[in-house]
1. If we scan region 358-379, do we find a residue that is surrounded by 14 or more Cβ atoms within 10 Å (Cβ to Cβ) and over 20 Å from the mean Cα position of the chain (by Cα)?
2. Hey, could you check region 264-315 for residues that are among the aromatic types (Phe, Trp, Tyr) and within 27 Å of the chain's Cα centre (by Cα) and say which is surrounded by the most Cβ atoms within 10 Å (Cβ to Cβ)?
3. Which of the residues belonging to region 295-322 are under 23 Å from MET256 (Cα atoms), out of contact with any Cys (no Cβ under 9 Å at 6 or more places or on another chain) and part of a loop (DSSP other than H, G, I, E, B)?
4. Restricting region 232-247 to residues that are surrounded by fewer than 24 Cβ atoms within 10 Å (Cβ to Cβ) and either of a type in the set (Lys, Arg) or assigned to a helix (DSSP H, G or I) (or both), which is modelled with the lowest pLDDT?
5. What are the residue pairs meeting all of these: first residue in region 90-107, first residue of a type in the set (D, E, K, R), second residue at pLDDT 85 or above, Cβ atoms under 8 Å, and 6 or more apart or on different chains?
6. Assuming PHE351 fulfils every condition listed in (1) touching a Gly at 6+ places or on another chain (Cβ under 6 Å); (2) among the aromatic types (Phe, Trp, Tyr); (3) free of Cβ contacts under 8 Å to residues at least 40 places away in the same chain apart from one, which condition is it?
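The values are calculated or read from the model by the stated rules, or taken from the named source; none is laboratory data. Note that the structure is predicted; figures quoted are calculated from it, not measured. We place every Cβ from the backbone using ideal geometry, glycine too, and count neighbours over all the protein chains shown.
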Amino acid sequence: MRDSNSDHSCSSPRTPNLRQRRRSNEIPPEILKSNGTILLANDKFKYKSMWIRAYSSLWMLAFVSLIIYMGHLYIWAMIVVIQIFMASELFNLLRRANQDKRLPKFKLLNWHFFFTAMLYVYGRILSQHLVNTVTSDKIFYRLVSNLIKYQMVICYFLYIAGFVWFILSLKKRYYKYQFGQYAWTHMILIVVFTQSAFTVANIFQGIFWFLFPASLIAMNDVAAYFFGFFFGKTPLIKLSPKKTWEGFIGASVATMIAAFTFANFLGCFQWLTCPRKDLSTGWLECDPDPIFKPEYIPMPEFVSHWIPQKEIAVLPVQWHALWLGLFASIIAPFGGFFASGFKRAFKIKDFGDSIPGHGGFTDRMDCQMVMAVFVYIYHQSFVVQHDYSIDVLLDQIMRDLGFEEQLALYTKLGQILHERQLMHI
């Protein structure tokens, strides 16, 4: 939730940690003097800002819609690209150009840790999907099974290689800067990969569990912006002076209404609700989960007396959607407040300038980070039925046993079944 993309409150001088040359995402001096007290409703440049944001939003909407239509694997690829942009923006936040020149290849070390973390996180999440994709080829299956088996060892030694590289790259007079960058890199990895791991897990549970919460955050953001744009008078929080109570409350009501109705719309498409158990890109068909099957609720007598419709169809997922909408309205915006305080600490307006009118990719993902983690926990706790069905047991067998072990198990089961059939004759 955000009434405006920028934070304009900062009056202290620049710190030596930042580049001497002002970047495009730093707070300009004229805004520093105003101390950020101008509300969006009183901003004389608000219409120009609104149109820039609108055009950028339309382009983003079109691009994301295309990616979602293409399927789970392409959405995952989009998440990876967003991660790379976010990491780049955050890596640059503490860079000192004059010191980086004296530390050649130090940037490369950051990206070594980044891609090692990516291999570890996605290897753990998508190992079973990869196995399911290659089961038709015995040789390839063995290769993939061995890679998955030793994936943790590979990642560990890649990390150790980076650690040794860091120690060998230490230079006198730059120890403090280098150790600061080392710690900063690890914090970035935690922030970026924690939320993305949950996001990717949500995607393969069904695109619905990625698209719906992300849409709620976007709806809340847009509603807060427009309610603040036209009615904002009362500041909400000092960390972000352009956010108002009018925008916050108006967006909360709008998001709750949108959550209930939009869940019904998305829940009608099997392409969005079916889980993906492999890494193929084919069209999905499945028996819908019970929460996506309509239930019919009788209309009250005083209502049915005036309209011909006697009952209304409601998907059970719509009741879950209300809880997600409540979280997106009340709690997720604190991710934005945290980002606002973080930017103030570093005297910057935005994390980057990749998206006109919005800032950088990190500026767009602040609330999404909080929402993705909540959706995964909520889905696993209140939506997924934890039972020991045949499908669950088979998934466990394929994940934990090698090819020969699986053959031995199936042979043994066949013998047991044959013996029981003989006993009944």
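1. Initially, region 358-379 is screened for residues surrounded by 14 or more Cβ atoms within 10 Å (Cβ to Cβ), giving 358-376, 378-379.
Cutting the leftovers down to over 20 Å from the mean Cα position of the chain (by Cα) gives us none.
Among the residues of region 358-379, not one is surrounded by 14 or more Cβ atoms within 10 Å (Cβ to Cβ) and over 20 Å from the mean Cα position of the chain (by Cα), which makes the answer no.
2. If we filter region 264-315 for residues that are among the aromatic types (Phe, Trp, Tyr), which is where we start, we get 265, 269, 271, 283, 292, 296, 302, 306.
Checking which are within 27 Å of the chain's Cα centre (by Cα) leaves us with 265, 269, 271, 283, 292.
Details: PHE265: 11, PHE269: 14, TRP271: 16, TRP283: 9, PHE292: 23.
Checked region 264-315; the qualifying residue surrounded by the most Cβ atoms within 10 Å (Cβ to Cβ) is PHE292.
3. Within region 295-322, MET299, PRO300, PRO316 meet the criteria.
4. At the first step, the residues of region 232-247 found to be surrounded by fewer than 24 Cβ atoms within 10 Å (Cβ to Cβ) are 233-239, 241, 245-246.
Then drop every residue that is not either of a type in the set (Lys, Arg) or assigned to a helix (DSSP H, G or I) (or both), which leaves 233, 238, 245-246.
Details: LYS233: 87, LYS238: 83, TRP245: 93, GLU246: 93.
Only one residue tops the list, namely LYS238.
5. Final answer for the pair search is ARG96/TYR177; ASP100/LYS107; ARG102/LYS171; ARG102/TYR174; LYS105/SER169; LYS107/PHE91.
6. (3)
Results for (1) without any contact (Cβ under 8 Å) to a residue 40 or more places away in the chain; (2) of a type in the set (Gly, Ala, Ser); (3) closer than 30 Å to GLN380 by Cα; (4) assigned to a helix (DSSP H, G or I), shown as yes or no for each residue.
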| position | (1), (2), (3), (4) |
| --- | --- |
| TYR156 | yes, no, yes, yes |
| LEU168 | yes, no, no, yes |
| LYS176 | yes, no, no, yes |
| ALA183 | yes, yes, no, yes |
| GLN195 | no, no, yes, yes |
| THR199 | no, no, yes, yes |
| PHE230 | no, no, no, yes |
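So that you can scan it fast, the table gives a plain yes or no per residue for (1) of a type in the set (D, E, K, R); (2) closer than 27 Å to MET187 by Cα; (3) under 19 Å from the mean Cα position of the chain (by Cα):
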site	(1), (2), (3)
MET50	no, no, no
TRP76	no, yes, yes
LEU90	no, yes, yes
ARG95	yes, yes, no
GLN99	no, yes, no
